[in-house]
Amino acid sequence: MDESKNITFSFIVPLYNEQDGLELFYDRLVATAEALNEPFEIIFVNDGSQDETAVILRRLCELDFRVRVVDFSRNFGHQIAVTAGYDFACGRAVISLDGDCQHPPEVIPELVARWREGFEVVYTVRRDTKGISRIRRGTGRIMYRFIRWSSGADLTDQADFRLLDHKVVEALRRTREHARLIRGLVRWLGFRQTSVSYVAQQRTHGKSSYSLKQLAGMSGAGFFNFSLRPLRIVPKVGGVLLTAAIVYAAASLALWPLGKTASPIVHLIMAIVGLFGLQFVFLGLIGEYVGRIFEEAKARPLYVVRETVGFPAETQEEAESGVSPARSEDNPVTIYT
Ligand code: UDP
Ligand code: MG
């Protein structure tokens, strides 16, 4: 327990069927980590691999005391695996990266340098996507565009390759929504953020295990979880239809004395338009309640504290962990060490 307090860097690595490239990845990561000259731990999260990944991990664990393994009972998906990594990490800085060498460990010293300058979030942006198929690049681009429209956040070419200060990790642990896009949550949390760009590498072994379904799930989380903008389209459409019908009705009434009225069929169509408009407006009203329930159901922290100044020591510690004293009693945050 105490020993874990001295760890400077936690590396968290989600793995799904990575038996072929794992040892090479481990060697590269350890070489980079050792060059940092600070105590570190490597947390591998085995996301229900069906190959020999678990066996290799057990061996690495026996050989290297800095390796820890979180072995999932089944495949829970990449974002959940990374989340588990954040839950178990105890370093002062936590660096997440993929285990397929697409996020070159050699970039890590640069992330660390930014952290030492005082940045609390150092995320990465892919500069070159050569190693990624055209279809994946295309779908990714569409996904980011939709997310940007919905939430205003530009997450283009970001992956789960980032460094977070332990304060940010503690705050992130308090977001427990199931459908999650960690890069969106990290942006939402705030703190002092900066980015580093890198050239994405080709996978050393195997192929991407990301299915289109998983990608769709992630896009969905990015699209829906950060604003109610998509939901608010419905009443807007309703408003337009209803207004059109009202204007038509008013014009028809005004022109009636002059004997200039449209045919009954147009009246009928406009009446239908008006009724649909009215329905959409009320649907939007219900949607607004649903949206508010959704916002509450996510149970995100109301605010995130970087640090407090001038409080008695006890309160200060609790507040810095981002957990208000009242909340910590009835809703403890589980921190695994
Ligand atoms: N991964 C995981 N669970 C999954 C799918 C992938 O933990 O269900 C891991 C995988 O082993 C890799 C990282 O997440 O370390 C990224 O996955 P992948 O390379 O398949 O995605 P891509 O790089 O194509 O986005
Ligand atoms: Mg990959």
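Every number here is computed from the coordinates shown, using simple stated rules; none is lab data. As the structure is a prediction and not an experimental result, all values here were calculated from the model. Positions of Cβ are generated from backbone atoms using ideal geometry, with glycine treated the same way; all protein chains shown enter the neighbour counts.
Observations, loosely collected:
- When ILE147, ILE233, ILE56, ILE80 are arranged by Cβ crowding within 10 Å, least crowded first, meaning fewest neighbours, the order is ILE233, ILE80, ILE56, ILE147.
- Computed over segment 74-175, the ratio Rg/Rh where both radii use C-alpha atoms and Rh is Kirkwood: 0.97
- Beta bridges by DSSP in the chain, antiparallel share as percent, to the nearest 5: 25 percent
- Taking every alpha-carbon pair in segment 211-305 and binning the separations at 5 Å intervals from zero gives 3, 12, 14, 14, 12, 11, 9, 7, 6, 5, 4, 2, 1, 0 percent.
- ARG28 versus LYS207: modelled label distance in nm, points set 7 Å from Cα along the beta carbon direction: 2.1 nm
- Amide H contacts under 5 Å for GLU52, placed H, 5+ residues apart: GLN19
- Computed label-point distance, nm, for sites ILE142 and GLU307 using a 7 Å Cα→Cβ extension: 4.7 nm
- Distant alpha-carbon pairs in segment 38-121 (separation over 21 angstrom), percent: 33 percent
- For the chain: rounded, prolate or oblate by the Cα gyration tensor [a/c cutoff 1.5]: prolate
- Of the DSSP H helices in the chain, those that are both long (alpha-carbon extent of 30 Å or more along the helix axis) and hydrophobic (Kyte-Doolittle mean at least 0.0) are 233-255, 264-298.
- The helix-only estimate of mean residue ellipticity at 222 nm for the chain, built from DSSP H runs of length n ≥ 4 each weighted as -39500 (n - 2.57), is -16000 deg cm²/dmol after division by the residue total.
- Pairwise Cα distances in segment 131-237 exceed 16 Å for 65 percent of all pairs.
- Per-residue Cβ neighbour rank within 10 angstrom, fewest leading, THR32, THR204, THR243: THR243, THR204, THR32
- For VAL169, VAL304, order by how many other beta-carbon atoms lie within 10 Å, fewest first: VAL304, VAL169
- Chymotrypsin sites (Phe, Trp or Tyr not before Pro) restricted to segment 229-313 and DSSP loop, no more than 14 other C-beta within 10 Å: TYR303
- For THR124, the residues whose amide H sits under 5 Å from its own are ALA159, PHE161, VAL196, ignoring neighbours fewer than 5 places away on the same chain, with H placed 1.01 Å from N.
- Residues with amide H under 5 Å from that of VAL45, placed H, sequence gap 5 or more: VAL13, LEU15, VAL70
- For segment 1-157, the spread of Cα positions along the three principal axes, ordered from largest to smallest, is 46, 41, 26 Å.
- Gain on full extension, evaluated as 0.36 nm per residue between LEU215 and ILE135 minus their Cα-Cα distance, stands at 27.6 nm.
- Extension gain (nm, one decimal) between LEU285 and LEU36, 0.36 nm per residue minus Cα-Cα: 84.1 nm
- Cut-off 20 Å (backbone N to label point 7 Å along Cα→Cβ of SER195), residues of segment 93-119: 95-98, 102-119
- Where a label projected 7 Å from the Cα of ARG176 along Cα→Cβ would reach, residues of segment 59-99 with amide N under 18 Å: 80-89
- Each label was represented as a point 7 Å from its Cα along the Cα-to-Cβ direction; for ALA297 and LEU253 these points are 4.2 nm apart.
- Most mobile listed residue (GLN279, GLN202, GLN193) in the chain, GNM with C-alpha springs under 10 Å: GLN279
- Charge context of PHE280, other residues only, Cβ under 13 angstrom, K/R +1, D/E -1: +1
- Rg/Rh (Cα only; Kirkwood hydrodynamic radius) as it applies to segment 166-324: 1.24
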